[in-house]
């Protein structure tokens, strides 16, 4: 008997869990504390409703856009989430190949199992690098230079992790799996002290990073208008409205609920993206209507990799893309520019 067809991202989630080592599944699925924020990210989309317009010419739907100047097929990006190598042999190189086939941006994690050079070699779409600041600036600079040489087009600084959230579900099982080291550690200067359980950064570090690389800087983990205004004022090219998929501070506001405040504070001075809870094309549409230029997806890409490597990751992206196009047609919004805040309640 052939397996049931994979029609949506929830189908991929169920299939992926059955194929993944329990410790690996717990690590990627876990939220901080009681996972209240993980659930709230989904509930925010479920309680946001659409106001479709009728009798609009939707014979052609255009989902193309530009993100930090790069043309993409749809406003959907792959969020940083490592280590992909525990899910499929090619790891992040397989993910990059899927992004290229879909014509969408991948944000490679600094903790990826494959080095940035290998990920870039597999990529035919724009590639960005997510960064945690090392305590030693020469180590951070070394990774920045490698990202620049590999052709990365932006640096995404994660700003919500002065300490790493306590993910109890993962803590119960993590010792039952042999976790690989990051491929990006190769060639970096040695650390001067044992690693700490977190990656603290300040606005002074943002200023330093802006001067350290010519690449556009994206700040990921913004949830308030105050911080969004500071980011735009200090030259950030974009911010990601994100609560780290509910993995850092349990009880933090849902990303979608934080989005309007951030959009108002930014006032068009930089681009705005959102992650957390995206599972359907209509979720992408709702995020765009509330002020985002694009969304990032994390866990669903991992499900695709676990099920079928590059082909599975591409299918996850393709399902979201097709669902977004269908939702735009049904809402009478044939272009991304036609999506406005009147679309949602």
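Tell me yes or no: at least one residue of the stretch 304-312 is surrounded by 22 or more Cβ atoms within 10 Å (Cβ to Cβ), touching a residue at least 24 places away in the same chain (Cβ under 8 Å), more than 21 Å from residue 3 (Cβ to Cβ) and more than 17 Å from the chain's Cα centre (by Cα). No: the stretch 304-312 contains no residue that is surrounded by 22 or more Cβ atoms within 10 Å (Cβ to Cβ), touching a residue at least 24 places away in the same chain (Cβ under 8 Å), more than 21 Å from residue 3 (Cβ to Cβ) and more than 17 Å from the chain's Cα centre (by Cα). For the stretch 238-264, filtering for residues that are under 24 Å from residue 216 (Cα atoms) and surrounded by fewer than 20 Cβ atoms within 10 Å (Cβ to Cβ) leaves 3.
Working only within the stretch 121-139, note down all residues that are crowded, with 21+ Cβ neighbours inside 10 Å and either more than 16 Å from the chain's Cα centre (by Cα) or assigned to a strand (DSSP E or B) (or both).
122, 123, 127, 128, 129, 130, 131, 133 - these are the residues of the stretch 121-139 that are crowded, with 21+ Cβ neighbours inside 10 Å and either more than 16 Å from the chain's Cα centre (by Cα) or assigned to a strand (DSSP E or B) (or both).
Conditions tested, residue by residue: (1) without any contact (Cβ under 8 Å) to a residue 60 or more places away in the chain; (2) touching a helix residue (DSSP H, G or I) at 6+ places or on another chain (Cβ under 6 Å).
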{"position": "36", "(1), (2)": "no, no"}
{"position": "45", "(1), (2)": "no, yes"}
{"position": "70", "(1), (2)": "no, no"}
{"position": "76", "(1), (2)": "no, yes"}
{"position": "86", "(1), (2)": "no, yes"}
{"position": "94", "(1), (2)": "no, yes"}
{"position": "98", "(1), (2)": "no, yes"}
{"position": "106", "(1), (2)": "yes, yes"}
{"position": "111", "(1), (2)": "no, no"}
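Residue 146 meets all of the listed conditions (1) out of contact with any strand residue (DSSP E or B) (no Cβ under 7 Å at 6 or more places or on another chain); (2) buried (at least 19 other Cβ atoms within 10 Å of the Cβ); (3) farther than 16 Å from residue 212 by Cβ; (4) modelled with pLDDT of 95 or more but one, namely (3). For the stretch 153-181, residues that are assigned to a loop (DSSP other than H, G, I, E, B) and closer than 30 Å to residue 230 by Cβ total 11.
Taking first residues from the stretch 249-272 that are on the phi > 0 side of the Ramachandran plot and partners that are not in a strand (DSSP E or B), the Cβ contacts under 6 Å between residues at least 6 apart in sequence or on separate chains come to 251/36.
So that you can scan it fast, the table gives a plain yes or no per residue for (1) at pLDDT 95 or above; (2) closer than 18 Å to residue 249 by Cα:
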site: 194; (1), (2): no, no
site: 203; (1), (2): yes, no
site: 209; (1), (2): yes, no
site: 212; (1), (2): yes, no
site: 215; (1), (2): yes, no
site: 221; (1), (2): yes, yes
site: 229; (1), (2): yes, no
site: 233; (1), (2): yes, no
site: 236; (1), (2): yes, no
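Of note, residue 86 satisfies the criterion of being on the phi < 0 side of the Ramachandran plot, over 15 Å from the mean Cα position of the chain (by Cα) and surrounded by 20 or more Cβ atoms within 10 Å (Cβ to Cβ). Is the stretch 102-110 home to any residue that is more than 16 Å from the chain's Cα centre (by Cα) and either at pLDDT 95 or above or in a helix (DSSP H, G or I) (or both)? No, the conditions are met nowhere in the stretch 102-110. For residue 29, the criteria (1) more than 24 Å from residue 332 (Cα to Cα); (2) touching a helix residue (DSSP H, G or I) at 6+ places or on another chain (Cβ under 6 Å); (3) surrounded by fewer than 22 Cβ atoms within 10 Å (Cβ to Cβ) hold in every case but one, which is (2).
The values are calculated or read from the model by the stated rules, or taken from the named source; none is laboratory data. Everything numeric here is computed off the predicted structure, so don't read it as measured data. Glycine gets a Cβ as well: all are built from the backbone with ideal geometry, and neighbour counts include every protein chain shown.
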